[in-house]
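Each remark here refers to the structure printed beneath this line.
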Amino acid sequence: MKINPAVSEKRKAGRPSVDRRDEILDAAERLYDAIGFEKVTVTDVARALGMSPANLYRSFANRQAIDEAVTSRTLTAVEDAAWQVARTAATDPIAAFERLCMDIALKMRDILFESGRSCDLCLAATRGNWPPVQRFMDTLRGLIRHVIAEGQRQGVMRSDLPLEETTAAAFTAMAKVWHPVMLDTFGVADLEHETSGIARLLLEALKTKN
């Protein structure tokens, strides 16, 4: 059977017939954990997969694209788990708020202090305000807003507080135990106690007084 040269060339110029992007991200993460993301090159990642850098570039335009994709994948996992908690606000907004505050804090602690040297990538992404970090922070605000709005709807949180301003204030308070740079700067030795304290103070301001 003859292969149409035009089709063959088109395939070469585009993405590979088998999408290896997840494999590439897995390999990059392993290398970042082993030697630190700043020391890893595209050639290192390609070599780990037995492929050429040229083939790798068919999946990712450059090294920054790989770093952003790794960051996005890590943060998306946190978002997905957090949304599962936030949706329980339909049953109990107060408990959902407390659990949300704690779960995000613990997951960010694990990323920074339990995930090997790939935590350096998370810090670089945060300090550089990369697009995945911007989206992540917007999602965290959305999570808080969702829970507070549900609490106001059910009458267990004060409806006289403007939703957007209240969300912004609560997010700013939680940044102390959620934001990677804050955690890296101040440490996590007392993270659970501190997170509980901030959440309780916020809820005292948010809850409807009986």
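The values are calculated or read from the model by the stated rules, or taken from the named source; none is laboratory data. Predicted, not measured: the structure shown is a model, and the values here were computed from it. Positions of Cβ are generated from backbone atoms using ideal geometry, with glycine treated the same way; all protein chains shown enter the neighbour counts. Keep in mind that these areas ignore ligands, DNA and RNA; they rest on the heavy atoms of the full protein, side chains included. Shrake-Rupley method; radii C 1.70, N 1.55, O 1.52, S 1.80 Å.
Looking only at helices (runs of 4 or more DSSP H) that fall completely inside region 1-104, which ones have 2 or more residues that are modelled with pLDDT of 95 or more and within 30 Å of Leu203 (Cβ to Cβ)?
In region 1-104, the matching helices (runs of 4 or more DSSP H) lie at 63-86.
If a residue has to be open to solvent by 40 Å² or more (accessible area, probe 1.4 Å) and part of a loop (DSSP other than H, G, I, E, B) to count, how many in region 116-144 make the cut?
Within region 116-144, residues that are open to solvent by 40 Å² or more (accessible area, probe 1.4 Å) and part of a loop (DSSP other than H, G, I, E, B) number 2.
Please count how many residues of region 145-157 are outside any helix (DSSP H, G or I) and touching a helix residue (DSSP H, G or I) at 6+ places or on another chain (Cβ under 6 Å).
2
Report, by residue number, each residue of region 181-201 that is hydrophobic (A, V, I, L, M, F, W, C) and within 15 Å of Asp103 (Cβ to Cβ).
Correct list: Leu183, Val188, Leu191, Ile198, Ala199.
Run Val147 past the list (1) of a type outside the set (D, E, K, R); (2) surrounded by fewer than 16 Cβ atoms within 10 Å (Cβ to Cβ); (3) in contact with a strand residue (DSSP E or B) (Cβ under 9 Å, 6 or more places away or on another chain) and report the number of the one that doesn't hold.
(2)
Looking at region 189-210, I want the residues that are of a type in the set (S, T, N, Q) and have a partner that is in a loop (DSSP other than H, G, I, E, B) with Cβ atoms under 9 Å, at least 6 apart or on another chain. Which pairs are those?
Correct list of pairs: Thr208/Gly155; Thr208/Val156; Thr208/Arg158; Thr208/Ser159.
Residues Val177, Val188: which one is β-branched (Val, Ile, Thr) and either open to solvent by 40 Å² or more (accessible area, probe 1.4 Å) or not in a loop (DSSP other than H, G, I, E, B) (or both)?
Val177
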